[in-house]
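K.L.:
Following this message is one structure expressed as structure tokens.
The values are calculated or read from the model by the stated rules, or taken from the named source; none is laboratory data. A quick note: this is a predicted structure, and the numbers were derived from the prediction, not measured. Cβ placement follows ideal geometry from the backbone for every residue including glycine, while neighbour counts extend to all protein chains displayed. What goes into the accessible areas is simple: the full protein's heavy atoms, side chains included, and nothing from ligands, DNA or RNA. Shrake-Rupley method; radii C 1.70, N 1.55, O 1.52, S 1.80 Å.
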Amino acid sequence: MNTLTIRRPDDWHVHLRDGALLQAVAAATARQFARAIVMPNLRPPVTTTAAARAYRDRIVAAVHQDNQDSGSTAGAEFRPLMTAYLTETIDPADLELGHREGVFTAVKLYPAGATTNSDAGVRDLGAITPVLETLERIGMPLLIHGEVTDAEIDIFDREAVFIERVLAPLLQRHPGLKVVLEHITTSDATDFVRTGPANLAATITPHHLHINRNALFAGGLRPDLYCLPVAKRELHRLALRAAATSGSPKFFLGTDSAPHPREAKESACGCAGIYNAPYALESYAAVFEAENALDKLEAFASEHGPRFYGLPLNDGTVTLARRPTPVPERIAGLVPFHAGETLGWQLVT
Ligand code: NCD
Ligand code: ZN
């Protein structure tokens, strides 16, 4: 088999940033995906329907501008799906209105201090009970960065401890709430999601399928492989690969592509985030092929996500061709995931 044609996929977790960085990265996602769940952790964060509408317009304009500059029409139909950044003072009525008007698709919960631009996040889940009740009532998904922020908890245990201390009780308190545990990194998470209720699902990134924590220190410190949640031991990577390729509808594609400027990555206090958007499908295809599961890629990339969100599947297809695909060292000044490597598939349409 030298080509693989699948229904057009979506990215259920991406950081598109704003301003010049948005202009540099938006087209890469738009070329690969029909839709993407756009994370709201800008400065200031996207907390209102008005801000999300304006940000959505800037994303569409950036893709359009890129098409004009490059003379390409790839990605012209890209649809950003917007999220609200949950704070302790967010207005549930505005969220509900934004959802009804088709501006907000979901809400993102960042525990305060867990990751990039999360200072405005939630410290006390008890303070947002009315918001969670609203989400539960209107069927709007809650997307969760699942790490505790307690400095006493080992960084490699923060996801597992979050599941036990925060997520399990949250699901008990709100049994009807649709929850996506984002960018899972552990076998604790794959087990919890697989055996959990139907209203619980998870996204899995390409990088957590490819690397374990050794990669961060291979021959020296590798800032381009640092992200949050940080990569874990090999046994966890293998559990993620098994979950992604299992065919279970509870696991779907979310790249967590999170670009940072060079100087923010190569710094005494480097930012977390891996920029994987330009070769995301190629990266996933490498994993599914190695696991003898290319027949499961379409469901993971194009079906499980929309079904969980209650959105229509995309029309049309994309095709990957089996051919050596060198990944450049830099794209628009950013270091992409797999920089300098050669992947075995290439997105051709
Ligand atoms: C993300 C970012 O840079 O916005 N970073 C990351 O390492 N994944 C934030 C996040 O999703 O945690
Ligand atoms: Zn993210």
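K.L.:
For the chain, rounded, prolate or oblate, judged on the Cα gyration tensor with a ≥ b ≥ c (square roots of eigenvalues), a/c < 1.5 rounded, else prolate if a/b > b/c?
P.N.:
Rounded, since a/c falls under 1.5.
K.L.:
Something else about it: Nearest 20 debye, what's the magnitude of the dipole of the chain about its Cα centre given +1 on Lys and Arg Cβ and -1 on Asp and Glu Cβ?
P.N.:
Dipole of the chain, to the nearest 20 debye: 520 debye.
K.L.:
Also, I was wondering about something else. Give, as a single signed number, the net charge of other residues whose beta carbon lies under 13 Å from the beta carbon of Glu96, with Lys and Arg counted +1 and Asp and Glu -1.
P.N.:
That sum, taken over residues with Cβ under 13 Å, equals -3.
K.L.:
Now for a different question. How high is the relative contact order of the chain? Use alpha-carbon pairs under 8 Å, at least six apart in sequence, and give a whole percent.
P.N.:
The value is 18 percent.
K.L.:
Still on this structure: Whole-Hz Karplus ³J(HN,Hα) for region 144-161, in order, using 6.51 cos²θ - 1.76 cosθ + 1.60 and θ = phi - 60°, x for Gly and Pro?
P.N.:
So the J values, rounded to whole Hz, are 10, 7, x, 9, 6, 10, 4, 4, 7, 7, 3, 4, 6, 9, 5, 6, 4, 5.
K.L.:
Measure off 7 Å from each Cα along the Cα-to-Cβ vector at Asn2 and Arg53, then give the distance between these two points in nanometres to one decimal.
P.N.:
Label at Asn2, label at Arg53, 5.1 nm between them.
K.L.:
How far apart, in nm, are the 7 Å Cα→Cβ label points at Asp18 and Ala127?
P.N.:
Each label point is offset 7 Å from its Cα along the Cβ direction, giving 2.2 nm.
K.L.:
Provide, for the chain, the number of lysine pairs with alpha carbons under 27 Å apart, each pair being eight or more places apart or on different chains.
P.N.:
Lysine pairs meeting the criterion: 11.
K.L.:
While we're on this one: Considering only Ala50, His208, Gly344, whose Cα is most displaced toward the positive end of the charge dipole of the chain, charges sitting on Cβ of Lys, Arg (+1) and Asp, Glu (-1)?
P.N.:
It is Gly344, whose Cα lies furthest towards the positive end.
K.L.:
Next question. Per residue, what accessible area does the chain have, given a 1.4 Å probe and all protein chains present, in Å²?
P.N.:
Ligands and nucleic acids excluded, the result is 40 Å² per residue.
K.L.:
Then there's this: What's the magnitude of the charge dipole for region 11-70 around its Cα centre, counting Lys and Arg as +1 and Asp and Glu as -1 at the beta-carbon? Answer in Debye, nearest 20.
P.N.:
180
K.L.:
I've got another one for you. Can you give the helix-only mean residue ellipticity at 222 nm for the chain, where every DSSP H stretch with n ≥ 4 adds -39500 (n - 2.57) and the sum goes over all residues, rounded to the nearest 500 deg cm²/dmol?
P.N.:
Calculated mean residue ellipticity at 222 nm is -9000 deg cm²/dmol.
K.L.:
Could you check how much of the accessible area of region 9-282 is carbon and sulfur, as a whole percent, using a 1.4 Å probe?
P.N.:
For region 9-282, the apolar C and S fraction of the accessible surface comes to 52 percent.
K.L.:
Order of 275-284, 60-69 by packing, highest average Cβ count within 10 Å first?
P.N.:
275-284, 60-69
K.L.:
Same structure again: Have a look at the DSSP beta bridges in the chain and tell me what percent are antiparallel, nearest 5.
P.N.:
Just about 30 percent of them are antiparallel.
K.L.:
Give me the mean projected area, in nm² to one decimal, of the convex hull enclosing the Cα positions of region 143-183.
P.N.:
It is 2.9 nm².
K.L.:
Under the rule of at least 5 residues apart or a separate chain, name every residue whose amide H is placed under 5 Å from the amide H of Val46.
P.N.:
Those qualifying (amide H under 5 Å, at least 5 residues apart or on another chain) are Tyr85.
K.L.:
Could you check the spin-label model distance between Arg79 and Asp315? Points 7 Å from the Cα along Cα→Cβ, value in nm.
P.N.:
Roughly 1.1 nm, to one decimal.
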